[in-house]
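The values are calculated or read from the model by the stated rules, or taken from the named source; none is laboratory data. Nothing here was measured: the structure is a model prediction, and the numbers come from that model. Glycine gets a Cβ as well: all are built from the backbone with ideal geometry, and neighbour counts include every protein chain shown. In case anyone asks, the SASA skips ligands and DNA or RNA and just uses the protein heavy atoms, side chains included. Shrake-Rupley method; radii C 1.70, N 1.55, O 1.52, S 1.80 Å.
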Amino acid sequence: MKPEEYAHIKRGYALIDMDAVSDNVDAMWDAISDGTRMVLVIKTDGYGHGSIPIARKYDRDERIWGYAVACPEEAYDLREAGCTKPILILGYAFDYAYDDMVRLDIRPAVFREDMLAELAEAARRQSVRAKIHIKVDTGMSRIGIRPDDEGLEFVRKAMSYRDIEIEGIFTHFARADEADKRYACRQLDVFGAFIGRIRDELGLDIPCKHCSNSAGIMELPEANMDMVRAGITLYGLWPSDEVDKERLAIRPVMSLRSHIVYVKDVDAGTQISYGGTYEASGMKKIATVPVGYGDGYPRTLSNRGEVIVRGRRAPIVGRVCMDQFMIDVTDIPGVTEGDMVTLIGRDGDEFISMEELGGLSGRFNYELACDIGKRIPRVYVSGGETEDIILDRRSIK
Ligand SMILES: *Cc1c(COP(=O)(O)O)cnc(C)c1O
């Protein structure tokens with residue numbers, strides 16, 4: 001069935017176009033070098049799109065090395081769902097999780113000496129070797145060892161643990177999404193030089209070297225290395241306004257839809273929503289949409305944002321409430337209760353992008369996608385058919 005035919009999701013749902021995910025992965029694969037693989041960055045539940053359906057789709061795909069998430073719990077969800085590829089934790093993993101991580105083949109990003117000792121112990125208890133990726137700070141100043149003599153000593157120390165296997169080493173670009181690539185290139189040089197020192201001075205060639213995020217995939221082919229970390233572009237969204245959008249044929253994966261629940265005519269002077277911040281200048285036709293900031297739809301879109309009804313844009317009037325907001329449909333003929341409302345995505349010739357709403361609401365496209373609430377079912381569609389409907393990790397199809 002098509003999503004529109006499911007009555008119980010009409011209040012609001014996020015349509016996840018799995019064909020767009022496929023096309024985006026193919027586009028990135030075509031853009032990177034031979035010999036480079038991809039790790040799918042699916043932290044924050046796949047930037048709000050749902051990590052499990054995406055990981056399941058790629059669990060047997062040779063192009064994909066594995067998945068990257070932010071914390072062990074996100075990795076456990078993937079394992080529980082039966083995903084078998086390697087998982088990398090991009091942030092600091094606290095030591096309570098090391099036994100489980102070793103058991104479930106989840107690699108931490110390592111940059112503190114106490115992590116080495118604790119991981120080695122966890123591995124010893126299970127008589128296996130703990131695989132790690134060493135994180136190097138080349139200019140993000142967030143986490144990571146410094147690429148200097150002390151950093152080299154850290155790598156030497158890591159090599160000294162029999163229970164630890166240094167599978168990877170990586171760094172992260174702070175400014176690869178800017179038109180001016182000087183900072184990113186400097187980071188890449190520093191990373192390359194440090195890898196060279198590890199090879200020359202410690203005799204170690206670490207198999208999995210990586211540094212590119214989506215912006216790097218798009219615009220820094222020289223930074224491909226052994227794998228790239230595909231984040232925002234996996235979802236068909238842009239790393240920034242400054243990247244050259246001609247370089248990668250991606251398209252947005254998520255649309256956000258609702259349905260009008262009430263239509264009324266109001267007289268001139270009628271105030272709408274909390275605070276009366278909108279007052280009708282004449283007779284108006286006002287429609288109520290049953291989605292609000294409780295669903296992650298930003299309150300800062302009050303009197304600013306637009307939605308699409310019957311292929312035409314309708315402005316938000318008054319404040320966005322927790323669970324509802326109002327739109328002016330005076331100029332759109334025939335609007336009735338039950339009409340579909342597109343908050344993000346395409347309807348006819350009109351299109352509202354995550355980027356547009358991010359800009360209008362003073363947020364950021366990444367943030368907006370991540371924040372689409374847990375109350376909104378994710379509807380997975382492929383070839384026009386609904387594959388699954390997930391609400392808070394349960395299928396409600
Ligand atoms: C989130 C993240 C990424 C992905 O970044 P995008 O800009 O979404 O491609 C890559 N690497 C690290 C370390 C991250 O934290």
Review point. Within the stretch 303-320, how many residues are open to solvent by less than 60 Å² (accessible area, probe 1.4 Å), over 20 Å from THR270 (Cα atoms) and touching a Gly at 6+ places or on another chain (Cβ under 8 Å)?
Key: 2
Review point. Taking the stated definitions as given, is ARG257 open to solvent by 10 Å² or more (accessible area, probe 1.4 Å) and either within 14 Å of the ligand (Cβ to nearest atom) or in contact with a helix residue (DSSP H, G or I) (Cβ under 9 Å, 6 or more places away or on another chain) (or both)?
Key: yes
Point to revise | Check on LEU90, open to solvent by 10 Å² or more (accessible area, probe 1.4 Å), within 16 Å of the ligand (Cβ to nearest atom) and aliphatic (A, V, I, L, M) | key: yes
Practice item. Would you be able to say whether some residue in the stretch 96-118 is open to solvent by 10 Å² or more (accessible area, probe 1.4 Å), hydroxyl-bearing (Ser, Thr, Tyr) and more than 25 Å from the chain's Cα centre (by Cα)? Key: yes
Exercise for review: Go through ASP323, ASP371, ASP388 for me and flag whichever is open to solvent by 40 Å² or more (accessible area, probe 1.4 Å) and touching a helix residue (DSSP H, G or I) at 6+ places or on another chain (Cβ under 6 Å).
Suggested key: ASP323
Exercise for review: Could you please find all residues in the stretch 131-146 being within 13 Å of ILE195 (Cα to Cα) and open to solvent by 40 Å² or more (accessible area, probe 1.4 Å)?
Suggested key: ARG146
Revision key, fill the gap. By residue number, the members of the stretch 351-367 that are touching a strand residue (DSSP E or B) at 6+ places or on another chain (Cβ under 8 Å) and not aromatic (Phe, Trp, Tyr) are ILE352, SER353, MET354, LEU357
Point to revise | Per-region count, the stretch 15-74, residues farther than 26 Å from ILE376 by Cβ, within 16 Å of the ligand (Cβ to nearest atom) and either open to solvent by less than 30 Å² (accessible area, probe 1.4 Å) or touching a strand residue (DSSP E or B) at 6+ places or on another chain (Cβ under 8 Å) (or both) | key: 11
Point to revise | Of the criteria (1) hydrophobic (A, V, I, L, M, F, W, C); (2) without any contact (Cβ under 8 Å) to a residue 60 or more places away in the chain; (3) more than 16 Å from the ligand (Cβ to nearest atom), which one VAL291 fails | key: (2)
Exercise for review: Looking at (1) within 14 Å of the ligand (Cβ to nearest atom); (2) assigned by TED's automatic domain parsing to the domain that holds ARG175; (3) surrounded by fewer than 22 Cβ atoms within 10 Å (Cβ to Cβ), find the lone condition where GLU201 falls short.
Suggested key: (1)
Exercise for review: Residue by residue through the stretch 101-132, note down the ones that are away from the ligand (no atom under 15 Å from the Cβ) and closer than 21 Å to ARG56 by Cα.
Suggested key: MET101, ARG103, LEU104, ASP105, ILE106
Practice item. Please work out if ASN224 is open to solvent by 20 Å² or more (accessible area, probe 1.4 Å), touching a residue at least 24 places away in the same chain (Cβ under 8 Å), in the same structural domain as ILE42 (by TED's automatic domain parsing) and within 15 Å of the ligand (Cβ to nearest atom). Key: no
Check your understanding: Which of (1) out of contact with any strand residue (DSSP E or B) (no Cβ under 8 Å at 6 or more places or on another chain); (2) open to solvent by 10 Å² or more (accessible area, probe 1.4 Å); (3) closer than 30 Å to ALA123 by Cβ; (4) not polar (S, T, N, Q) is the odd one out, the single condition GLU165 does not satisfy?
Key -> (1)
